[in-house]
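Coordinate-derived values only; no laboratory data. Only a predicted model underlies this, so the values are computations on that prediction, with no experimental measurement involved. As a convention, Cβ positions derive from the backbone with ideal geometry for all residues, glycine included, and neighbour counts pool all protein chains shown.
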Amino acid sequence: MLTTPPVPRAYAPPLSPDLVVLHADDDLLVLDKPSGLLTVPGKSADLADCLIARAEARFPGARIVHRLDMDTSGVIVLARNPHAHRHLGLQFERRHVSKHYEARVWGRVASDCGTINLPLACDWPNRPRQHIDPAGGRHARTDWRVMARDGETTRLRLEPLTGRSHQLRVHLLTLGHPILGDPLYAHRDALEAAERLQLHAASLTIRHPTGGRPCHFTSPCPF
């Protein structure tokens, strides 16, 4: 069990490319977020550079709908007007979106697929870490399946049915297979096995705020 607070790291977001646009129209802005970039600004001035700030510079009025952890890369959707923001927000709130991630984890996962149903809560003494809390945690479910096994690591396809903070990272840790390169949850060997967190938001399917047609967006896994 992790009982010590995480060691703060200097924030050094990638400077290039500034913004990778997967799709843009009057309602939607879909971006490919790099690992190492905050989705929203932190409290101090040195944490001001973030995805939403870069997006607003090119697309005034862009609004955050959901978030990806700083170290997670991949598909993220923003709204470009109040109507789209409300529409997309309700889709996420009512779990009408479909998303999948790819991850490389420590160890050879024995089973080919499974479901993790464990409630999550903030680990206040060690925040921003989260932990399993059967009594007071919020419902969290992750479906997973093995994509490939390579030596002492495994590549997984992950489908979170809920969107709790650090859900995939904590669920896989509980499974006994921390994500490689995870500075918050991985043990030393798993942390040093990759230069970055091996977690990528590979696809997202939503309904378009105007007309309701299904929209599917993908980003190739960079690891």
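Points worth noting:
- Sparsely packed loop sites in segment 146-194 (the trypsin sites (Lys or Arg not before Pro) outside DSSP H, G, I, E and B with at most 11 other Cβ atoms within 10 Å) do not occur.
- Shape of segment 156-223, Cα gyration tensor, a/c cut at 1.5: prolate
- In the elastic network of the chain, a GNM with C-alpha springs shorter than 10 Å, the most mobile of Gly114, Gly136, Gly176 is Gly136.
- Note on Ser111/Glu192: beta-carbon distance plugged into 1/(1 + (r/R0)^6) with R0 of 25 Å gives a FRET efficiency of 0.45.
- DSSP bridge analysis restricted to the chain gives an antiparallel fraction near 95%, rounded to the nearest 5.
- Chain lengthening between Ala135 and Thr210 when straightened (0.36 nm per residue, less Cα-Cα): 22.9 nm
- Prolate/oblate/rounded call for segment 32-111, Cα gyration tensor, a/c under 1.5 rounded: oblate
- As a proxy for reagent exposure, Ile206, Ile179, Ile116, Ile132 were ordered by neighbouring Cβ count within 10 angstrom, fewest first; the result is Ile132, Ile116, Ile206, Ile179.
- C-alpha center-to-center spacing [segment 157-196, segment 30-87] in angstrom: 22
- Between Leu161 and Arg95, the contour length at 0.36 nm per residue exceeds the alpha carbon distance by 23.0 nm.
- Under a 5 Å amide H cut-off, with hydrogens placed 1.01 Å from N, Met147 pairs with Arg155, Leu156, Arg157 among residues at least 5 apart or on other chains.
- Anisotropy class of segment 107-193 from Cα gyration tensor, a/c 1.5 cut: oblate
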